1. Roughly to the nearest percent, how much of the accessible area of segment 1-140 is carbon and sulfur, given a 1.4 Å probe?
2. In degrees between 0 and 90, to the nearest 10, how far off the longest principal axis of the chain does helix 208-226 point, with axes built from Cα atoms?
3. Can you grab the distance from the C-alpha centre of segment 162-214 to the C-alpha centre of segment 22-99, Å, no decimals?
4. How much of the accessible area of segment 250-302, in percent, comes from carbon and sulfur atoms when a 1.4 Å probe is used?
5. Once the mean 1/r over all distinct Cα pairs of segment 216-293 is inverted, what Kirkwood radius in angstroms do you read off?
6. At 25 °C and 0.890 mPa s, grab the translational diffusion coefficient of segment 1-143 from Stokes-Einstein with a Kirkwood Rh over Cα pairs, rounded to a whole number in µm² per second.
7. If you stretched the chain out fully between His81 and Ala155, how much longer would it get, using 0.36 nm times the residue separation minus the C-alpha to C-alpha distance?
8. Compare Gly13, Gly122, Gly23 in a GNM of the chain, Cα atoms joined below 10 Å, and give the one with the largest fluctuation.
Amino acid sequence: MTYGIIGTGAIGGYYGGKLARSGQEVHFLFHRDYEYVRQHGLQVDSCDGSFHLEQVNAYASTAEMPKCDVVLVCLKSTNNHLLPDMLRPLIHQNTLVVLIQNGIGLEPDLQQHFPDLQLAAGLAFICSAKTEPGRVNHQCYGQINFGNYSCKDEALFRQLVDDFNAAGVQAGTVEYQEARWKKAVWNMPFNGMTVALNTQTDLLLKNPATRRLIRDLMEEVVGAARHQGITGLDETFIDKMIEMTDNMTPYSPSMKLDFEFHRQMEIHYIYSRPIQIAREAGYPMPKLEMLEAELKFLQSGL
């Protein structure tokens, strides 16, 4: 299949790089480091084995890219207002667009622009960063689950999963709503708390007070999901997420890096949208609402 990567950062660079290395035809959209990658290629420093792509199908605009069977959107959701124009040159009648992004409500919003477009969610559990041109630093984990939102072509959806596994990425399928809220169980506490307290994931869990607060925030997310009829989240899943983070390399999530580099934070889809959805379902999230307010205050000073 032909793959397109919109947003070749920490996530798009890693997964797109793995697919390209396995022999898939992959076309990458770059921004600031387009010229650098054209000259020097793409380097992936990975805990699972580093590699370098000497020849990269690199583009500065989607208008120059070919139509693709699968498009992986790895942009920050703060740029999703650009997606309709960016996607049009890439999609054909059967294209599958996968949003590997953080947050709730992403697929419904994009579907409004493309009622017939096949969409899926990509839920990545990975510690990865890109802090210099043409170089991705994959620190730990890397598995990804895919939730089918509106893909009618089951063979295409299955091929996506198979291609990731063949590329050395542990991939599976999950129910769409459950997948999005499961990712939120980790994202909503850790992204915002590392910003608000100017710290990393490990220190939040080493301190008894913030460890308890992290669990409280996770419980709010699980409660919101269960109020919408999602049954696959419980205390056992919270224990799993905390244990996973205990074993994780000390990590600054994407929102912490955005704040440090004075970039707009993904507050809308990670916080405001799920809080609104939960409230409409009759479930308030007071501690996460407080964290949302703190993040909006910090955002206003950038």
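1. Numbers: 2450 of 5610 Å².
C and S atoms contribute 44 percent here.
2. 70 degrees
3. If we compute the Cα centre of each part, the gap is 24 Å.
4. Working: 1610 of 2730 Å².
That fraction is 59 percent.
5. Values: mean 1/r = 0.0716 Å⁻¹.
For segment 216-293, the Kirkwood estimate is 14.0 Å.
6. Numbers: Rh = 15.2 Å.
This corresponds to a translational diffusion coefficient of 162 µm²/s.
7. Working: separation 74, 0.36 × 74 = 26.64 nm, distance 3.00 nm.
Full-extension gain reported as 23.6 nm.
8. For the chain, modelled as a Gaussian network with Cα springs under 10 Å, the answer is Gly23.
The values are calculated or read from the model by the stated rules, or taken from the named source; none is laboratory data. Treat the numbers as computed from the prediction; the structure is a model and nothing was measured. A quick note on method: Cβ atoms are made from the backbone with ideal geometry, for glycine too, and the neighbour counts reach across all protein chains shown. Heads up: the accessible areas ignore ligands, DNA and RNA and are worked out on the full protein's heavy atoms, side chains in. Shrake-Rupley method; radii C 1.70, N 1.55, O 1.52, S 1.80 Å.
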